[in-house]
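Any read-out appearing in this document is the output of simple, stated calculations on the displayed coordinates, not a laboratory observation. Bear in mind that the values here come from a model prediction, so they are computed numbers and not experimental data. Glycine gets a Cβ as well: all are built from the backbone with ideal geometry, and neighbour counts include every protein chain shown.
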Amino acid sequence: MSDIRMADGSINFNGEWLTAEDIKGKIKEKMDSGDMRFADMAAALQELNEALENAHTLEVKIVLTKAEHDKLRAMGGEDDSASVRKAIRAFVGSVTPKAEATATAAAKPMAEKPAPTEDTIPCTKCKTPIPIPTSERPIELECEFCGTSVLLPAETAPAAEAAPPDEAAPPAETTPPAGSEAEPAAQEDTSGPKRTDHFIG
């Protein structure tokens, strides 16, 4: 694509800025002189006409800081209009129109939600289980169902969680070893007759 200045409707042809009328005049001169080698001029004229027909004029006033203006000139050179055109074209070319993005998303077949497992994490948006392919942390995962990115942070060693008091297991009963002097207080010797002393007074 040739460099075209939409402001004055001219095209850069062999280092010279020519309008459509300028090119028509040069073609006529060649024809009048019997020189029929003007195919490149005709192509430039067609390119310029198509650009003008498909052009939409924006009349805006832009106020930039000196730093922003320097960046703009670094992109497009000393011609501010050319720099602005290049910046706008670069921006417009990098943006996907909303309608196109929506159509692309609609055309994409909806995947079935996988069943949750221990090696998955729920999507923060649609709650679909996202498979965790590796043990490396941190890792960024993408939900295959809705496309949401989920960051899995670096894991820290979890402290051992104590069981709640109401769920604690009762203490196990222990039996003292044979020959031990420690006898349960509740047990009484019933092997012989009981003797009861009575004191009077």
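Points worth noting:
- Net charge in the neighbourhood of GLU68 (other residues with Cβ under 15 Å of its Cβ; Lys, Arg +1, Asp, Glu -1) is +3.
- Computed from the C-beta positions of LYS66 and VAL92, the FRET efficiency with R₀ = 22 Å rounds to 0.30.
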